[in-house]
Amino acid sequence: MTFGEQPAYLRVASDLRQKIVNGSLPPHTRLPSQARIREEYGVSDTVALEARKVLMAEGLVEGRSGSGTYVRERPVPRRIARSGYRPPTGANPFRQEQASEDARGTWESSSQQEPASVAIAGRLGVAPGERVMRTRYVFRDAGEAMMLSTSWEPLVITGRTPVMLPEEGPLGGCGVVERMGAIDVVVDNVVEEVGARPGLAEELLALGGVPGHVVMVIQRTYYASGRAVETADVVVPADRYRIAYHLPVR
């Protein structure tokens, strides 16, 4: 095989990727061994190894201890619909994130006070070290972890109020807008920034991914008259979900 300007390992990876995509190498099929790749493509062991690493980083193949490297089952991406920050009365965080009438699922959460890091303080417009309430969520759909969320709220706003703990008290489980409204804080704007990055080890462990998998991260911040009242990082596996926005036209 003749290789052009593109590095040889990327050419090999591209050819193997195409075989995976077109079904020549179906799911659960063992990937050709390093020696086989070397012989078939006329490349060195180093090139063969790097090509395999590329496919693994892309989540197309996975290593099985003592068995080899196999083509992964390619999930059909499901949609997570988002339609703005205004939930119906009594909406819980899971329904608020799903923003879909047929969304069904469960979630786990835990809250604790902590000093705001420099990054979170910047997002909330408070001084680093100021006390915030951090709440971590694991959202599940039919028992499968499908989304993680970590939120921070400045205790200078919610401290010593009935809504200090997002999942407890009279409005426990309700959305940010309703909870803030209960203490006369009117949320009037929300900003979401969507990006992608390799998942952290603890995120992939919770979401059932493998090292190298990419996650989408939604950085969301709620505002009341220009003041941030809550900020959150929502993490979603990029190979299993797509994020769809439904925005009203004004």
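Out of all Cα-Cα pairs in the chain, roughly what percent, to the nearest whole number, are more than 33 Å apart?
Values: 10735 of 31125 pairs.
Distances greater than 33 Å cover 34 percent of the Cα pairs.
Describe numerically, in nm with one decimal, the distance between label points set 7 Å from Cα along Cα→Cβ at residue 119 and at residue 18.
Taking the simple label geometry, residue 119 and residue 18 are separated by 3.9 nm.
Considering the alpha-carbon set of segment 162-250 alone, what are its Rg and its Dmax in angstrom?
15.9, 45
Which order do the peptides 55-62, 195-202 take when ranked by the mean count of other beta-carbon atoms within 10 Å per residue, highest first? Could the numbers behind the result be given before it?
On the way: 55-62: 19.2, 195-202: 12.6.
The densest-packed peptide leads the list: 55-62, 195-202.
Run the helix sum for the chain: -39,500 (n - 2.57) per DSSP H stretch of 4+ residues, divided by residue count, reported at 222 nm to the nearest 500 deg cm²/dmol.
Details: 8 runs with 65 residues, N = 250.
After summing the helix terms and dividing by residue count, I get -7000 deg cm²/dmol.
Averaging sequence separations of C-alpha pairs under 8 Å and six or more residues apart, then dividing by the length of the chain, give the relative contact order as a whole percent.
Values: 449 pairs, mean separation 44.6, N = 250.
Here the relative contact order equals 18 percent.
Tell me the relative contact order for segment 134-207 as a rounded percent, counting alpha carbon contacts under 8 Å between residues six or more apart. Write out the running numbers ahead of the final one.
Values: 60 pairs, mean separation 16.9, N = 74.
Averaging sequence separation for qualifying contacts and normalising by length gives 23 percent for segment 134-207.
Counting only protein heavy atoms, what percent of the accessible surface of segment 108-250 is carbon or sulfur at a 1.4 Å probe? Walk me through the numbers on the way to the answer.
Values: 3880 of 6950 Å².
Heavy-atom surface of segment 108-250 belonging to carbon and sulfur, 1.4 Å probe: 56 percent.
Taking only C-alpha pairs under 8 Å that are 6+ residues apart, what is the relative contact order of segment 112-250 in percent? Write down the numbers at each step before the final one.
Details: 255 pairs, mean separation 30.4, N = 139.
With pairs under 8 Å counted, the relative contact order is 22 percent.
At 1.4 Å probe size, with every protein chain present, just tell me what the per residue accessible area of the chain comes to in Å².
Values: 13280 Å² over 250 residues.
Value for the chain: 53 Å² per residue.
Once the whole set of protein chains is in place, how much accessible area is left on residue 106, using a 1.4 Å probe, in Å² to the nearest 10?
Approximately 80 Å² for this residue.
If you scale each eigenvalue of the Cα gyration tensor by 5 and take the root, what three semi-axes come out for segment 130-179, rounded to whole angstrom and sorted largest first? Could the numbers behind the result be given before it?
Values: eigenvalues 107, 34, 11 Å².
Semi-axes, largest first: 23, 13, 7 Å.
The values are calculated or read from the model by the stated rules, or taken from the named source; none is laboratory data. Being a predicted model, the structure only gives us computed values, none of them experimental. In this analysis, Cβ positions are derived from the backbone assuming ideal geometry, glycine residues included, and neighbour counts consider all displayed protein chains. All accessible areas refer to the heavy atoms of the entire protein, side chains included, with ligands and DNA or RNA removed. Shrake-Rupley method; radii C 1.70, N 1.55, O 1.52, S 1.80 Å.
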